[in-house]
Each structure stands twice: as C-alpha cells, then as structure tokens.
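The values are calculated or read from the model by the stated rules, or taken from the named source; none is laboratory data. None of the values given here were measured: they were computed from a predicted structure. Note that each Cβ is placed from the backbone with ideal geometry, even for glycine, and that neighbours are counted across all protein chains shown. Calculation scope for accessible area: heavy atoms of the full protein, side chains included, ligands and nucleic acids excluded. Shrake-Rupley method; radii C 1.70, N 1.55, O 1.52, S 1.80 Å.
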Amino acid sequence: MTDSLIPAWLGDGPVRFPDVELSLREPDGLLAVGGRLTPEWLLAAYQRGIFPWYSPGEPLLWWSPDPRMVLYPGEFRLRRSLAKRIRNGGFTITLDHDFEAVIHACAASRSEGTWIGAEMIDAYQRLYRLGHAHSVEVWRHGELVGGLYGVALGRVFFGESMFSRVSDGSKMALALLVGFLIERGFSLIDCQMHTPHLERLGARLIPRRAFSEHLARDCATIDAGEPGSWRAILTP
C-alpha cells in the first residue's frame, strides 16, 4: 500500500484499474477516481475487490478498504426469535421480484444522505437486467417492508445496501438470502465496511489480501450457475 495522498485518475476508455494494494490509507481504501459506471467497469471492479462509492455531485470514486468486512454464509447468526418471526410474522420473502423498488427504498432510507443517486440506480438496474445483480424483498400484506440488493459473481455475493421499514426487515432478507446462497454453493458474502450490526450477525474483518485470494479462487467459478434471474419465493 502506498503512502501517496493522491488516488489514481482513470479515463473513460478501456477498463484499467490499478492494483488494490495501491489504495490509500486515508481515506481508507480510496483507490481511483474516474472511469465509468457501465456493466463492463462494474464487473471488472467487483472481480478485483473494488466498488464504487460516492455522493451525487462528486466524481466517481472507487474503493478497496483494508481490512474487508465479510460474512461466511455458514457463520451467519440466526437468532431463534428472528427465525420464529420469519415463520409466524405473516411475511413473504422473495428474490428478484422488484429490484427497482428495493434499490429506490435503499436510496431513500439513509437519513444521513445517500450515495445511491440516479446514476448508480441506473447502473445497477442494468446489471440486474443482465442477470448479475439481485434483490431480496420482504413483504407483509402486499407491502414492501424490507430488502437488500447486491451483485453475484461466481460463488461470491457482493452486498450493496439494505433497508427496513419494520423491525428486522433487512435481517429477514439477509437470513433467507444466506440459506439460498448456501444451497447454491456460495463461499462468501462481501459486506464491504465494518458495522456493529453486521458483526452481530456473524460478519468479520479479514485482510484485503485474503479477500483478494477468495476472489481469485471463487469469482471465476461457474459452480454457482451462469448469470440470470433468481426469481423465487424463499421459505425458512
């Protein structure tokens, strides 16, 4: 990792990211500025452990923090009370039924402001149409009350954002997603940044180098299936 205070500047031509070990220490993980939010750029970024994160009005920023927050699916902590609520609370949990509603709800749920602006929404909706991005929806009485979305490559799911309109709404979405990913042989869920909420659910920090090794091994595999819709109703 470099001590430079200036991240790499990217053009809008062919995809070309610097090595993630050149990311800044402060702010942690800032790697590059510029590039484009096309499917080609986004998929190349995720395969390298890089993600876009910037506020509307800022230039496009790319990040690869060290350490990295991840969740190994088998380490997810499903509380008995949450499992009971999923079974008996009158909720229906689906996959890929309304990606657009989920990403807009995630954008609207940030009281401190959001990085999910119109350009980001459009970019991930394109990934969804290509079968790379997916959403989990939590419904009660026909109303969307929780959910999350992210990107799947090989056997790795890259979580992007989640929201709740009822208590435990996002936790229910994650719990059912974890079960689905285990069934399909996924090895890792990328959570990007540390939060106490994710840590309580079983996520932990690993060195960026170890994360990169996971990606080199598991992003290229086709064991988890080719890109495409995951449309389904999930049951506990």
At 1.4 Å probe size, with the rest of the protein present, what percent of the exposed accessible area of segment 20-67 is carbon and sulfur atoms? 54
Cut-off 10 angstrom, C-alpha nodes, Gaussian network model of the chain. Which of Gly35, Gly11, Gly57 fluctuates the most? Gly57
Counting only protein heavy atoms, what percent of the accessible surface of segment 172-218 is carbon or sulfur at a 1.4 Å probe? 57
Ratio of segment 77-199's C-alpha Rg to 2.2 N^0.38 Å, to two decimals? 1.01
In terms of the alpha carbon gyration tensor, root eigenvalues a ≥ b ≥ c, rounded if a/c is under 1.5 and otherwise prolate when a/b exceeds b/c or oblate, segment 166-228 is oblate
Å² of accessible area per residue within the chain, as computed with a 1.4 Å probe and no ligands counted: 47
How far apart, in nm, are the 7 Å Cα→Cβ label points at Arg87 and Val33? 5.4
What FRET efficiency would be calculated for the residue pair Ser167, Glu213, taking the C-beta separation as r and a Förster radius of 35 Å, to the nearest 0.05? 0.40
